[in-house]
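To start, the structure itself, in structure tokens.
The values are calculated or read from the model by the stated rules, or taken from the named source; none is laboratory data. Model, not experiment: these values are computed from the prediction. Here Cβ is always computed from backbone atoms with ideal geometry, including for glycine, and neighbour counts include all displayed protein chains.
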Amino acid sequence: MQQSHVVGHTLVYPHHGAVTITAIDVKKIGGVERTWLTLQPLLNELSIQIPADQLSEIGVRELIDRDGIESLIQILQEEFTEEPGNWSRRFKANGEKLASGSVHRVGEVVRDLWRRSQGAKLSTGEKAMYQRASGILVTEFALARGISETEAYEEVERILAGEKITV
């Protein structure tokens, strides 16, 4: 991922979704010089600093490509998978999927919570998780497709409702 270390480049950070590199600095800590990246999540005002050589270890990755978009669409179209009946176990399982940093796992959370919401009311925690997961998913989907977040949100909603779209 070294070639992507340029200000303005967009990556994906677990828990936060799409982030933009806003600064690159060399810092000497404990006698060791390292390159540090400052990352700005697109979904909030947080600022993250991370050593450039630890991106992979933390799970920072590039945006999905065309194949990734197609597989994400397939995941969103898959049948609802029933999860544990106990909402706290379901919440924990979905939280682990979000923490993975995988857009496909985030897609599973969005799909399953969206489908669950069609037949029953989501708990307050699940509503918040759905909003968070949806924000992460829609932002990356929009960037990867080169469309606005509004258009991406509408496409994701149509996919979840069973409409076929082409990439």
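Which one of these does residue 103 not meet: (1) in contact with a Ser or Thr (Cβ under 6 Å, 6 or more places away or on another chain); (2) in contact (Cβ under 8 Å) with a residue 60 or more places away in the chain?
In the conditions (1) in contact with a Ser or Thr (Cβ under 6 Å, 6 or more places away or on another chain); (2) in contact (Cβ under 8 Å) with a residue 60 or more places away in the chain, residue 103 misses (1) alone.
Would you be able to say whether some residue in the range 75-93 is basic (Lys, Arg), in contact (Cβ under 8 Å) with a residue 40 or more places away in the chain and either assigned to a loop (DSSP other than H, G, I, E, B) or exposed (fewer than 13 other Cβ atoms within 10 Å of the Cβ) (or both)?
No, that holds for no residue.
Scan 52, 99, 93 and give me the residue that is of a type outside the set (Asp, Glu) and in contact with a Leu (Cβ under 8 Å, 6 or more places away or on another chain).
Residue meeting the stated conditions: 52.
Looking at this structure, is residue 101 buried (at least 19 other Cβ atoms within 10 Å of the Cβ) and modelled with pLDDT under 90?
Yes; evaluated as a whole, the condition is true for this residue.
Does residue 154 satisfy the condition of being touching a helix residue (DSSP H, G or I) at 6+ places or on another chain (Cβ under 6 Å) and not β-branched (Val, Ile, Thr)?
So residue 154 fails the test.
I'd like to know if the range 19-42 contains one or more residues that are assigned to a loop (DSSP other than H, G, I, E, B), under 30 Å from residue 129 (Cβ atoms) and not assigned by TED's automatic domain parsing to the domain that holds residue 130.
There is at least one residue in the range 19-42 that is assigned to a loop (DSSP other than H, G, I, E, B), under 30 Å from residue 129 (Cβ atoms) and not assigned by TED's automatic domain parsing to the domain that holds residue 130.
Would you confirm whether any residue within the range 48-61 is in a helix (DSSP H, G or I), loosely packed, with under 11 Cβ neighbours inside 10 Å and more than 14 Å from the chain's Cα centre (by Cα)? Before you say what the answer is, go through the steps one by one.
Of the residues in the range 48-61, the ones in a helix (DSSP H, G or I) are 52-58.
Those still in the list that are loosely packed, with under 11 Cβ neighbours inside 10 Å too: 56-57.
Filter once more, keeping what is more than 14 Å from the chain's Cα centre (by Cα): 56-57.
Taking every residue of the range 48-61 in turn, at least one turns out to be in a helix (DSSP H, G or I), loosely packed, with under 11 Cβ neighbours inside 10 Å and more than 14 Å from the chain's Cα centre (by Cα).
Return the residues of the range 131-167 that are closer than 11 Å to residue 73 by Cβ and touching a Phe, Trp or Tyr at 6+ places or on another chain (Cβ under 9 Å); say none if nothing qualifies.
Listed by number, the residues that qualify are 141, 155, 156, 160.
Has the range 14-35 got any residue that is surrounded by 17 or more Cβ atoms within 10 Å (Cβ to Cβ) and at positive phi?
Yes; the residues of the range 14-35 include at least one that is surrounded by 17 or more Cβ atoms within 10 Å (Cβ to Cβ) and at positive phi.
Pick out the one residue from 155, 149 that is more than 12 Å from the chain's Cα centre (by Cα) and under 14 Å from residue 43 (Cα atoms).
149
Do we have any residue at all in the range 141-152 that's more than 27 Å from residue 61 (Cβ to Cβ) and in the same structural domain as residue 93 (by TED's automatic domain parsing)?
no
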